[in-house]
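Report on the structure given below.
Read-outs throughout are calculated quantities, based only on the coordinates presented, and are distinct from any laboratory measurement. On a predicted model such as this, the values are computed, not experimentally measured, just so you know. Please note: Cβ atoms are built from the backbone with ideal geometry, for glycine as well, and neighbour counts cover all protein chains shown.
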Amino acid sequence: MNTPEFSEKYSQLIGLIFEQMDQAYHQAAASYEFFCNGCEDNCCETRFFHHTHIEWEYVIEGFNHLPKQKQDHVIKKAQQVCEQSKELIAQHLPVRLMCPLNEKGNCLIYTYRPMICRLHGIAHELQIPGKPIQYTPGCEAFIHHCKALKKEDYYSLDRTPHYIRMAQLEQAYKREFQIDQRFKMTIAEMLI
Ligand code: SF4
């Protein structure tokens with residue numbers, strides 16, 4: 001991979017941020033009694049873009065822990081996903097392709113998966129200073145699950161502190177490794 005060495009320091013720091021994120025997500029999920037058991041609208045098929053170099057490095061760290069044979073298989077799938085995505089985009093068709101790191105419904109790099117893979121699904125809010133609070137309703141399965149709930153059952157999963165911590169760590173990382181490009185890639189693109 002053509003990226004600077006991902007130091008132990010950054011690996012630990014992003015791991016801590018993800019721990020806090022997972023805790024916040026699980027608290028919210030428990031309060032709604034919502035448990036993701038997989039569904040037809042599998043979010044691992046969504047063409048999510050990831051926006052930080054530190055998540056990229058962490059994904060690669062997870063990938064590097066896989067056996068060589070598995071790595072080769074994942075890379076092959078990532079190449080296919082990138083090629084098929086290009087074709088679908090050229091035909092103005094929606095892109096829904098399984099993430100190359102998903103194997104039989106399980107994430108091969110679960111501990112190292114990026115932020116959106118951790119937070120997706122549950123209703124959340126974002127508090128940007130000077131702007132009204134942005135509310136996002138969650139995935140289809142979550143919305144369906146919550147139909148019977150009352151307004152007072154609303155639990156605020158505020159993503160703001162998590163986004164801020166990620167942005168601060170990304171800034172520190174970019175400063176240290178003198179990176180000035182912005183980052184925007186899918187998992188398949190990160191892998192190839
Ligand atoms: S990285 Fe893991 S959780 Fe995220 S989309 Fe891929 S398989 Fe799913």
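Brief remarks on what is shown
- Breaking point among (1) closer than 21 Å to E40 by Cβ; (2) within 15 Å of the chain's Cα centre (by Cα); (3) among the hydroxyl-bearing types (S, T, Y), for Y112: (1)
- Residue that is nearest to P161 (Cα to Cα) [pool: residues in the range 79-116 that are more than 9 Å from the ligand (Cβ to nearest atom), in a helix (DSSP H, G or I) and hydrophobic (A, V, I, L, M, F, W, C)]: M115
Residues checked against (1) charged (D, E, K, R); (2) closer than 15 Å to F183 by Cα; (3) outside any loop (DSSP other than H, G, I, E, B); (4) within 12 Å of the ligand (Cβ to nearest atom):
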{"position": "A29", "(1), (2), (3), (4)": "no, no, yes, no"}
{"position": "F35", "(1), (2), (3), (4)": "no, no, no, no"}
{"position": "D41", "(1), (2), (3), (4)": "yes, no, no, no"}
{"position": "E55", "(1), (2), (3), (4)": "yes, yes, yes, yes"}
{"position": "Y58", "(1), (2), (3), (4)": "no, yes, yes, yes"}
{"position": "G62", "(1), (2), (3), (4)": "no, no, yes, yes"}
{"position": "D72", "(1), (2), (3), (4)": "yes, no, yes, no"}
{"position": "K77", "(1), (2), (3), (4)": "yes, no, yes, yes"}
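Yes/no per residue for (1) in contact (Cβ under 8 Å) with a residue 24 or more places away in the chain; (2) more than 18 Å from A29 (Cβ to Cβ); (3) not aromatic (F, W, Y):
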site: M98; (1), (2), (3): yes, yes, yes
site: T111; (1), (2), (3): yes, yes, yes
site: P114; (1), (2), (3): yes, yes, yes
site: H124; (1), (2), (3): yes, no, yes
site: K174; (1), (2), (3): yes, yes, yes
site: Q181; (1), (2), (3): no, yes, yes
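- Any pair with Cβ under 6 angstrom, 6 or more apart, that starts in the range 139-150 at a residue that is on the phi < 0 side of the Ramachandran plot and ends at one that is β-branched (V, I, T): F142/I122
- Against the list (1) in a helix (DSSP H, G or I); (2) small (G, A, S); (3) free of Cβ contacts under 8 Å to residues at least 40 places away in the same chain, the condition G130 fails is (1).
- L126 meets all of the listed conditions (1) touching a helix residue (DSSP H, G or I) at 6+ places or on another chain (Cβ under 7 Å); (2) of a type in the set (A, V, I, L, M); (3) exposed (fewer than 11 other Cβ atoms within 10 Å of the Cβ) but one, namely (3).
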